[in-house]
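What follows is one structure encoded as structure tokens, with my remarks underneath.
The values are calculated or read from the model by the stated rules, or taken from the named source; none is laboratory data. Computed from a predicted model, the values in this text were never measured in an experiment. Positions of Cβ are generated from backbone atoms using ideal geometry, with glycine treated the same way; all protein chains shown enter the neighbour counts. Heavy atoms of the whole protein, side chains included, go into the accessibility calculation; ligands, DNA and RNA do not. Shrake-Rupley method; radii C 1.70, N 1.55, O 1.52, S 1.80 Å.
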Amino acid sequence: MAANYNNSAWFYDRLSRLIYGRALINAQVYLLQFIPPNSNLLIVGGGTGWILEELTRVYPAGLKITYVEVAANMMTLSKKRNWGNNEVTFINAAAEDTLLPGDFDVIITPFLFDNFTEQTLQKVFDYLHPQLKTGGLWLNTDFQLTGKWWQNILLNTMFVFFKILCGIEASALPAIEKQFSQTKYITIAEKTFFGGFIASRAYQK
């Protein structure tokens, strides 16, 4: 995984709220309602870790969470969060370079795939797919283009900014939804935010 958000860890949340308000947060929180109690959870690319606290509001206990984040500075912030009585295992590495235990009930990928080229997306997706149980849920939130002129401008600005600062490899959105449809995932819920620019989808394997 080429991208590493170490350089942006200290201001990432503030910058996202400045641009998007609570849209990035609301888009991810929307999906948490679909997580069954006592789930074995894999979070890939959790960033600063605020999602752990949101999960704890839904389930103060009973979750087994494997939290994978490649940026060490993001991981440091994540470890300071409150995860209640849930069990959390932190892994500071790229998911595809990690020996994961598999057998997950739920996979969460928040704004992960937009960092990748088509080739890297395929590699990461192919690694994560068998980690999820048959019938399990994959909760994905990411950007999408719906034809509005400002979306391209905002997206390209983000790509340039994070390519310079964090070394992301992408310069265009890969075909994220196509990966799920080709692998026969069923969309059980979806909702868009920020004028359709952000899409949250719950897929079932």
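Within segment 180-196, how many residues turn out to be open to solvent by less than 60 Å² (accessible area, probe 1.4 Å) and touching a residue at least 60 places away in the same chain (Cβ under 8 Å)?
2
Select the strands (runs of 3 or more DSSP E) contained entirely in segment 68-165, then report the ones holding at least 1 residues which are loosely packed, with under 13 Cβ neighbours inside 10 Å and of a type outside the set (D, E, K, R).
Here the list reads 85-91, 132-143.
Please indicate, with yes or no, whether at least one residue in segment 54-63 is buried (at least 21 other Cβ atoms within 10 Å of the Cβ) and either closer than 28 Å to Met158 by Cβ or touching a His at 6+ places or on another chain (Cβ under 6 Å) (or both).
Yes: segment 54-63 contains one or more residues that are buried (at least 21 other Cβ atoms within 10 Å of the Cβ) and either closer than 28 Å to Met158 by Cβ or touching a His at 6+ places or on another chain (Cβ under 6 Å) (or both).
Across segment 180-202, what is the total count of residues that are part of a strand (DSSP E or B) and touching a Ser or Thr at 6+ places or on another chain (Cβ under 6 Å)?
Adding up the residues that qualify gives 4.
Considering only residues that are farther than 16 Å from Phe197 by Cβ, open to solvent by 70 Å² or more (accessible area, probe 1.4 Å) and modelled with pLDDT of 80 or more, which ones fall in segment 166-179?
Lys178
Give me the residue from segment 31-53 that is over 17 Å from Leu112 (Cβ atoms) and out of contact with any Leu (no Cβ under 9 Å at 6 or more places or on another chain) and, out of that set, surrounded by the fewest Cβ atoms within 10 Å (Cβ to Cβ).
Gln33
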